[in-house]
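Working notes for the structure below.
Laboratory data are not the source of any read-out in this text; all were calculated from the coordinates shown. Because the structure is a prediction, the values reported are computed rather than measured. Methodologically, a virtual Cβ is constructed for each residue, glycine included, from the backbone with ideal geometry; neighbour enumeration extends over all protein chains shown.
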Amino acid sequence: MAESEKYDVDAIRAALRKREVPWEANENALTRMSPSQRAKLLGVPLPNDEEQAKLNARGKKIRQEAARSAARDATALPAQFDLNDRGGVSYVAGVRNQLNCGSCVAFGSVAVLEGTARYTRGTPTLDVDLSEAHLFYGWGSTVGVDCDTGWMPMPALTFATNRGITYESEWAYSPGNSNGGSLPSTWEQHRAKATATADVTNNIQSIKNHLTTYGPVTGCFVVYTDFYSYHSGVYEHVSGAQEGGHCVAIVGYDDTLGAWIVKNSWGTSWGMSGFGYIKYGEVWIDTWSNVGVTGVYLRTWTAGKKVLGAYATGHDRNGWIYVQDIGWLKVGGLTGTAHIAMFSDLLTAKEKSAYINAFSDDGVVTQSYTY
Amino acid sequence: MTIANGRSKAHRSLQAAAPRPTDTMPRQLSAEELADLFALNVAEIEVEAARPTEPRMSPPGSLSAREGANSALSGEPITALWADQSNRNAWVFLQTSGWKRLDPLTDTGSTVLTLLAAHARAVGSAPYADENPAGTLTAMHVW
């Protein structure tokens, strides 16, 4: 598309009507950009023709299988699963905006980490706003990644597993790191670290198993021109050329619609408040790069929270507390006396419904204030 | 260790536990025999074998609760407490089920269970507890 050419939403709508395809197009912040501004948002380098042919073949196979299993066989998985709506509660709330930088892999990866941290703890309101800036401008830059090169999810989530990433409050995101942010030297006292990565690419059952067991996975795909104007319904490519590669987080699925539920990083004016449906087997969403993690350690102060519950067994130093919005934390203690002192203090907080501020070192309390 | 006939109780147990040339398979030692052999407490031997369990319950009534309480005992407030001067000998009275001993597996375990039970008594919260076949409470959630 020429730089001066206007994005034609009407033409896309006409194409959709002609093909009777069930999604709606709309103007949004992206359709109002210039072509080069839109191109900047695509942060995954497209593979070569041979690889594309392979991905297309995989996608075709998935679409054929999805069409055949209209009558669902009895598996243990539900027909619908949405981390954004589990009985009215969301584990993946907070749509972000990467703005004009090809940092989508960082946003998709962080969405995976945050959603997994919340879902594996059963705590949808867990405060876990992690730093896309650290992942992209920090770790990414050590391997030559920047706003124009793009990246891939596996190396990004491998950094998150082996090294960890800090919280947004330590290094806030801005496109091109224009705010001049940097990594504080004390970041390792305030950080998340994944337990292990899981590659479930090109396996629908494995993707669904991972979603229902651990949390979101990434989904990279080829963006065609019509994708920018997606507003609602189940997206499949209808019109336009290949624009580039992009990465989102898959946060659920719906077998009756035959689609994945995705969380994008283009703000809330795109799609359904930033979320969307992409049809199974379309645009390589489930065949190119689907990576998740199996858990997320958190090293951080709890900040002012209440103790809602407690647990103990006869085993040595096995006292635990359930902290509001955070979940279960084991009470630490280098000695039995220390364990008992912290446990006793925290139990008093529970009794008085008082606030605590405890330091959780990957789920173990090593210091606590009780007010 | 008690001394009798110039030999310690431990020594006599050692004799009983020692392998014999006529054995046809390795001798299965009980926790007591192991404890005597290595001059340890039974509890210390058992601590190695039993992996500590972790809490699995979500707060009752929470939307995100994925696993209900599979506790053997629930809904019974603690109406009395008992302890004496011997080590790890703390008990609670559950309203319907009566006196139950708190797991004496370790010093810290017994202490932390005692603190938790006392807390439950103080705030009037009925615990969710697991008990072993001997009727000892081995784990407790208090909300």
**Study point:** Inter-probe distance in nm under a simple model that places probes 7 Å from Cα toward Cβ, at B:Trp82 and A:Ser185
**Key:** 6.0 nm
Revision key, fill the gap. For chain A, the longest principal axis of the Cα atoms and the Cα long axis of helix A:49-68 enclose an angle in degrees, to the nearest 10, of 80 degrees
Practice item. Could you give the size of the charge dipole of region A:302-370 about its Cα centre, using +1 on the Cβ of each K and R and -1 on the Cβ of each D and E, expressed in debye and rounded to the nearest 20? Key: 160 debye
Check your understanding: Which length gain, in nm to one decimal place, applies between B:Ser74 and B:Arg56 when the Cα-Cα distance is subtracted from 0.36 nm times their residue separation?
Key -> 5.0 nm
Check your understanding: For chain A, what is the mean residue ellipticity at 222 nm derived from helices alone (per DSSP H run of n ≥ 4: -39500 (n - 2.57); sum divided by total residues; nearest 500 deg cm²/dmol)?
Key -> -8000 deg cm²/dmol
Point to revise | region A:318-371-region A:54-133 distance, computed between alpha-carbon centres (Å) | key: 33 Å
Point to revise | Fewest-first ranking of A:Tyr235, A:Tyr253, using other Cβ atoms within 10 Å as the exposure measure | key: A:Tyr253, A:Tyr235
Exercise for review: Measure off 7 Å from each Cα along the Cα-to-Cβ vector at B:Ala126 and A:Lys352, then give the distance between these two points in nanometres to one decimal.
Suggested key: 3.0 nm
Practice item. Would you work out if region A:1-101 is rounded, prolate or oblate? Take a ≥ b ≥ c from the square roots of the eigenvalues of the alpha-carbon gyration tensor; rounded if a/c is under 1.5, else prolate when a/b is larger than b/c, oblate otherwise. Key: prolate
Review point. Under a straight-distance cross-link criterion of Cα-Cα below 26 Å, which lysines are reachable from A:Lys18, leaving out those fewer than 8 residues away in the same chain?
Key: A:Lys6, A:Lys60, A:Lys61, A:Lys279
Practice item. For each of A:Ile165, A:Ile340, count neighbouring Cβ atoms within 10 Å of the residue's Cβ, then give the residues from fewest to most. Key: A:Ile340, A:Ile165
**Study point:** Nearby lysines by direct alpha-carbon distance to A:Lys306 (threshold 17 angstrom, same-chain neighbours under 8 apart not counted)
**Key:** A:Lys330, A:Lys350, A:Lys352
Revision key, fill the gap. What one gets for region A:302-370 as the Kirkwood radius, inverse of mean 1/r over different Cα pairs in Å, is 11.5 Å
Check your understanding: Going by how many other Cβ atoms sit within 10 Å of their own, how do A:Trp328, A:Trp266 line up, fewest first?
Key -> A:Trp328, A:Trp266
Point to revise | GluC sites (Glu not before Pro) lying in DSSP loop within region A:1-65, provided at most 10 other Cβ fall within 10 Å | key: A:Glu3, A:Glu5, A:Glu20
Exercise for review: Treating the angle as unsigned and between 0 and 90°, give the value, to the nearest 10°, between the Cα long axis of helix A:336-352 and the longest Cα principal axis of chain A.
Suggested key: 70 degrees
**Study point:** Label-reachable residues, region A:230-252, where backbone N falls under 19 Å from a point 7 Å from A:Ala11's Cα toward its Cβ
**Key:** A:230-231, A:236-244
Revision key, fill the gap. Rounded to the nearest Å, the spacing of the alpha-carbon centers of region A:1-48 and region A:194-259 is 18 Å
Review point. Rg and Dmax of chain A over Cα atoms: what are they, in angstrom?
Key: 22.3, 75
Practice item. Rounded, prolate or oblate: pick one for region B:78-141, where a ≥ b ≥ c are the square roots of the eigenvalues of its C-alpha gyration tensor, a/c under 1.5 means rounded, and failing that, prolate if a/b is larger than b/c, else oblate. Key: rounded
Study note, to complete from the structure: Computed for the protein assembly as shown: size of charge dipole around the Cα centre, +1 on C-beta of each Lys and Arg, -1 on C-beta of each Asp and Glu, debye to nearest 20, value 680 debye
Check your understanding: What percent do you get for the relative contact order of chain A when only Cα pairs under 8 Å and 6+ apart count?
Key -> 20 percent
Review point. Relative to the first principal axis of the alpha-carbon coordinates of chain A, what is the inclination of helix A:153-162, with its axis defined by its Cα atoms, in degrees from 0 to 90 and to the nearest 10?
Key: 10 degrees
